[in-house]
1. Within the stretch 356-398, which strands (runs of 3 or more DSSP E) (wholly inside it) include 3 or more residues that are more than 15 Å from Leu330 (Cβ to Cβ) and in contact with a Leu (Cβ under 8 Å, 6 or more places away or on another chain)?
2. Could you list, in sequence order, the residues of the stretch 443-462 that are modelled with pLDDT under 85 and either touching a helix residue (DSSP H, G or I) at 6+ places or on another chain (Cβ under 6 Å) or part of a helix (DSSP H, G or I) (or both)?
3. In the stretch 272-292, what count of residues is obtained for those that are outside any strand (DSSP E or B), buried (at least 17 other Cβ atoms within 10 Å of the Cβ) and touching an Asp or Glu at 6+ places or on another chain (Cβ under 9 Å)?
4. Of the numbered conditions (1) at pLDDT 80 or above; (2) part of a loop (DSSP other than H, G, I, E, B), Thr432 satisfies every one except a single condition; which is it?
5. How many residues are in contact (Cβ under 8 Å) with a residue 12 or more places away in the chain and within 23 Å of Asp234 (Cβ to Cβ) if we restrict to the stretch 166-198?
6. If you take just the strands (runs of 3 or more DSSP E) that sit entirely in the stretch 293-347, which of them hold at least 3 residues that are in contact (Cβ under 8 Å) with a residue 12 or more places away in the chain and within 40 Å of the chain's Cα centre (by Cα)?
7. Could you please let me know if Ala180 is closer than 30 Å to Ala102 by Cβ and modelled with pLDDT under 90?
8. Given the residues Pro390, Pro360, which is the only one that is at pLDDT below 95 and surrounded by 12 or more Cβ atoms within 10 Å (Cβ to Cβ)?
Amino acid sequence: MKKINLIHIILFLLSFSAYSQVNFNAELSKSTLGLNERVKIEFSVDKDGDNFIPPKFENFRIVGGPSQSIRNSWVNGKRSFSKTYAYFLSPIKKGVFQIGQASIEVDGDIYKTLPVKVTVTSAVDKPTNPNDPNYLADKNIHLVAELSNKNPFLNEAISVTYKLYVSSDTGVDNWRELEAPRYADFWSNNIDITSLNVQNGTYKGEPYRYVVLRKTLLYPQKTGKLKIEPLTLDVSVQVPSNRRDFFGNLISSSVSKTVSAGSSLINVRPLPIDGKPKDFSGAVGDFNFEIKSNKNKLIIDEAFQLNVIVSGRGNFNLYDDPKIALPNSLEVYEPEKISDISVRVTGIRGKVNNEYTVVPNRPGKYIVPETKFSFFNPELAEYKTIYSDPIYIDVEGNFNERDNDESNNENNNNVNKIQLTKNQFSSFKTKTVFSEIDNYIFLNSKKYWVLLIIPFVLCIIILLISKIFHNYKFRKIDQIELSRKLSYKLLDDSRQFIGDKEKFYESIDRALSTYLKSKLNIKNSDFKNEEIKKKLETLGINKNAIILLFQVFENCQLARYTPLNINEMSDDFEKAKLFIEKAEKIKK
């Protein structure tokens, strides 16, 4: 009998141990692929964990991910949970490779996956089936680099604009930069794009929608044929299929595609030798030049400023500043360079002011002579030389008296003795004279009562201020709590909108924005991705939770132009809910 009870206890403990075991697995979409194909790898755990660390993915390039999804359901009272981290990989070379172990922390314990093997063969033929999603993605999405000028002069401004063209029946979820363009032998400056606006246009005569992803201003620093390395993106594309859902709507298929703008060649022409001025220092563009003085009349040893100003459009800071020639009697200090320029697609515009401080050592009339500035105008293909107007400076003072004073101070041996006489200080009063003052009574005077009342008035003011501050503090706390309650309500309301794309993502966006503004105390003017990410990391919120947040925000922005199905809306709802739950665990 005792043996039977012992067996039951052992079986119960084994079953409990098996039930509580954490399963953490790595699964490949396929174990053999061509060099021009991709493989999807998923790391799944059946319990909620943190601190996920992926393997190094040697011999592979990450072209998509990490994307995180969560499944949480109850069937017949039994809970089923799964968290998955997915990556899309592109092989670098042929061979048999091993993807190492990933790790995750669950309830304080570390779990690891088993390594998996992948066989990479030679490139395979791409599908030509017009119903294949990969074939449709190849035909319906294009990345183009547009150059403003392919045959510029040395140091002439050109711009390169990267546009992503998408056909009208194709959607784009998001994109990720795989390779940034490189501009060897160019001076480059990226132009900020504040928002991504979808516009209508044509590509090879066909109507397309496009969005401008990047703009860069370039100044070639070398002549001859120069190469611009391409921009490469990994894009998640939604393409229509022949399948329809229960209501008769077309079902879209999601595929990942790598697009490249391709390399660009630019033929840079040298500047002409004929007509080149001797003082030419490399300025290319269209400039104005002037010299100004803040004073035209002053006394000896008084400083004045000379402003040497170059303005217009061109390669500022890539040429030598013009120099001015002044007499030796004018002491000139190193200039302060003040730049007021802006970078645009057409080039750099603005002005550069070299402000010199000048001090005259002798009186007289001085001339700041006309100074010339030479530049090359690429639009006219000719050199130009412009001159500043001469400036006349009138310095007053007695140089001889000043020189005699200095020589007397230096010759200490010839100083005469000072002779004191009896009446030498007779002009100064040396005797004190006292005068009577009226009797003054402080008690019951005006000053007495003012000084007596002031402390009571100050106490009343302090009490009023503290009360107002106290009420403001609690009112602010109430406002924060109301904002959080509103965000929870909007999140709950968005559940019923699943299936209605516009209303759902509008509600999700409002819920997350309202929550972040109250949680992080962010104003509308500071509500930017960089600021939000910085404050979330400062609070100590997990990086995976931050990734979930920005994935939902990206889908909110792209929902207007991208077909999304009910499953994706449900995933975004769970991501938003999970982010708020994780953020609420961390107190300010």
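The values are calculated or read from the model by the stated rules, or taken from the named source; none is laboratory data. Computed from a predicted structure; not experimentally measured. Please note: Cβ atoms are built from the backbone with ideal geometry, for glycine as well, and neighbour counts cover all protein chains shown.
1. Hits in the stretch 356-398: none.
2. Lys446, Lys447, Tyr448, Trp449, Val450, Leu451, Leu452, Phe456
3. 1
4. If we test Thr432 against (1) at pLDDT 80 or above; (2) part of a loop (DSSP other than H, G, I, E, B), just (1) comes out false.
5. 23
6. Once the strands (runs of 3 or more DSSP E) in the stretch 293-347 are filtered for at least 3 residues that are in contact (Cβ under 8 Å) with a residue 12 or more places away in the chain and within 40 Å of the chain's Cα centre (by Cα), what remains is 304-314, 336-344.
7. yes
8. The unique qualifying residue is Pro360.
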